Every structure is written in structure tokens, then in C-alpha cells.
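Presented below is the structure to which this report refers.
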Ligand code: HEM
């Protein structure tokens, strides 16, 4: 589908076949980013990987993610710290600000369709983006300063085994040969927080909502956990995930029905490209409608039902090779946080359902959603744990 919105041509991709054409066959030409006006707040677009055009800066950031932050050996080495973090309370203020930023960025903005209107900021969206980005950057700044102070205080006795991702990044910024300085690290941490929190927590919330709505699926997932873990009488560990195919299927099914980054991040054509006889013009914005793809009854029988079983024994995964299921995208702009998100989702969901059954206050659940840059549950899930 092609839409002309003001001066912007937008192409909406919404089928497995066309995804393959755009993000596999012509991936290089469609790897640009269409940057919304609100992302100019506090120069965010100049630093963020998600808004950078493909080039040296983008490559340097992807390398840091791939080789230093989320490489399998790095994730394995930090699994105890991740467990500790999961136990601590996350800051609700921070999450609320992230949602406000996303909701604001998801609103249609005349300034994007008619750039001549930009100085007027017609809906006040840039003003709000500056406010929320500024507050979030200040929180990150404080977090980094505190950590720098702690490091100075403990540097001599600090064992490398207790280092977490933050230490790794600060080590990098203090290395003279490094291509990233403290300002770069500040934006990188900001991006880690905003790209990783809302997406992961909203997927978890949907998974819980679907399981509570489908008690027989909840029991099935719990039985599998009991089978694998209780035999050995211990807590649930990351290393168990590979032996839990039903839990994995629950996560896939949740991401099919509720893809948090519903349109991917907007891509941009860097040249004119011919796709199936049509010309996609240079600078066109490309949106990929993951929500519609998840509802396609030609691909998914009983598409509206929550049926994790559909993923058992079929080998479909969301690692970017199966174009019908791409909640993390595919190709060179694919989500670099996938290895972390994948572990966190299974670890958190498994921990929540292993020891507890969950009931809804009042018995009825609202399953409607609301849209910002991400798709969130309209009303937050309010569930009561019941010990099993
Ligand atoms: C359930 C969890 C998550 C989902 C579903 C998700 C999904 C996505 C999607 C769809 C994109 C855009 C891909 C495209 O435009 O083609 C993306 C980009 C990105 N994600 Fe994630 N993500 C998740 C978690 C995370 C985490 C945990 C991090 C880091 C801590 C992260 C960091 C990023 C970054 C930096 C980008 C921009 C990549 C680029 O433009 O080159 N994401 N993610």
C-alpha cells in the first residue's frame, strides 16, 4: 500500500512475501531511517542507533552491542547479575516517562508531513519530546555519575566478576583507544533503557494476560516447568530455557498477537527501487505492519486465538529468518537487543508462573490495546498471585 501524506510517500508492507522482497532482497536500499521530527529533541537522532542512517557511527554502535554487550559469552557471564536485577524493584517513574515519550512519538505530526511547519511545532509534540527526553537523560546522567563515584571508591578491590553492563560501557569510555566517549555512553545507556524496558515489559504483560485468560495453557506451561525443574528441587535458571519448548511457544505466540514495535521503526529508501513492477521512490518511508501480518488467516489458522501449540514442532522462530514472524525485524536493522530480550522474557515469564497461579480481580479482563511507538495494554494487568 502506498500513501501520500503531505510531502512524504509512505509504503506499508504487510505480507510475508513482500517483507522478503524489502528486507532480504533489497535490504541495503531499505536500511535508511525515516526520522520523525520529535527525535530531534536534545539531538537524540544524532546519537541514537535507532535513528542513525547506516554509516560509521551506526556501525560502531552495532559493534558495541554485538561484540561487547549482548554476545552469548557476555550474557552467560552476567547471568547472576541479571537475576539480582530482576529481583529489585524497577522505577515506575522511569517507565511512565518512557511511555509518555513513546506515546508522544507515535502521534501523527503535521510537522513530519509538511516540514515547512516545523518551526511552529503545530501540536506541541517537539516541546513535549524535549521535556520527556530531558528528564530521562537527567536520570541516566545521575545514574552514570553515581556509578563513576562508586567505581573510584572501590576501583582497587573491584573484582571483574562483579562487573555489569554499565561497568563495561564505562570501561570503554575510559579507554583512550575507544571510539566512544562519555557523552556517547550517556546516549547509549539512554537508548538501552528506552529500547529495552517498554518493549520487554509490555510483552510480558500480554503473555501473562493471555495465560490468565486461557487457564489450560497456563497449566500446560507450569506442568512443563515442574517436569523440568521440580524433579531437581531448585529454582528456575536461564540454562533451563532450551528444555522448555512450550514456554518458548507461549512467547512466540504472544509476540505474534501483540508485537510491541508494531510497524518496526520507520525505514527509508536510500535509492529508487523496483519491487514487483512498482517503483519505490528514494526517501519514501517504509512501515511494516506486524500487527496485520500476525492476523493473516492465510498464514495463521484461527489467527485471533491464543494457541502456542501452533509453534510446537514447526521450527518457526523470530530470529529474522522466518518472514511471517518478525517482531524484532529482519535484515541489517534488526533489533540488536534480541539476545537479551529473548532471555529476559523467558526468565521472567517462567519465574512468574512456576510458583504462582494468577487470578484477576473481579474475574473479567480487558484485552484492548493502545498505540504509541509501541503497542501497550490499554488497562494495566492487575493480577493476584496464588501460591501453588
Ligand atoms: C520484546 C523486546 C523487544 C522487541 C520486540 C524489539 C523489537 C525491535 C524492533 C522491531 C526494532 C526495529 C527493527 C527495524 O526497524 O527493522 C528494534 C530496534 C532496536 N532495538 Fe529492539 N526490541 C526489543 C528489545 C530490545 C532491547 C532489550 C534492546 C536493548 C537493550 C533493544 C534495542 C534496540 C535498538 C538499539 C534498536 C535500533 C536498531 C537499529 O536501528 O539499527 N531492543 N527492536
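How many angstrom lie between the C-alpha centres of region 340-368 and region 248-313? Between the Cα centres of region 340-368 and region 248-313 lies a distance of 24 Å. Across region 1-81, the fraction of Cα-Cα pairs farther apart than 17 Å, rounded to a whole number, is 66%. Each label point was placed 7 Å from the Cα along the Cα-to-Cβ direction; for residue 271 and residue 25 their separation is 1.6 nm.
Counting every Cα pair in the chain, what percent are over 29 Å apart? The calculated P(r) of the chain puts 47 percent of pairs beyond 29 Å.
Based on alpha-carbon centroids, what's the gap between region 118-157 and region 1-73 in Å, whole number please? Cα centres, region 118-157 to region 1-73: 23 Å. Under 1.5 on a/c is rounded, so check that first for region 263-362, then, if it is not, pick prolate when a/b is larger than b/c and oblate when it is not; a ≥ b ≥ c are the square roots of the alpha carbon gyration tensor eigenvalues. Prolate, because a/c is 1.5 or more and a/b exceeds b/c. Our helix-only sum for the chain, with -39,500 (n - 2.57) per DSSP H run of n ≥ 4 divided by its residues, gives a mean residue ellipticity at 222 nm of -14000 deg cm²/dmol. Per-peptide packing, taken as the mean over residues of other Cβ atoms within 10 Å, places 326-335, 255-264, 349-358, 222-231 in the sequence 255-264, 326-335, 349-358, 222-231 from highest down. Spin-label model, residue 154 to residue 282: label points 7 Å out along the Cα-to-beta-carbon direction sit 5.4 nm apart.
Any read-out appearing in this document is the output of simple, stated calculations on the displayed coordinates, not a laboratory observation. For clarity, every value in this text was computed on a predicted model and none was experimentally measured. Neighbour counts run over all protein chains shown; Cβ positions are idealised from the backbone, glycine included.
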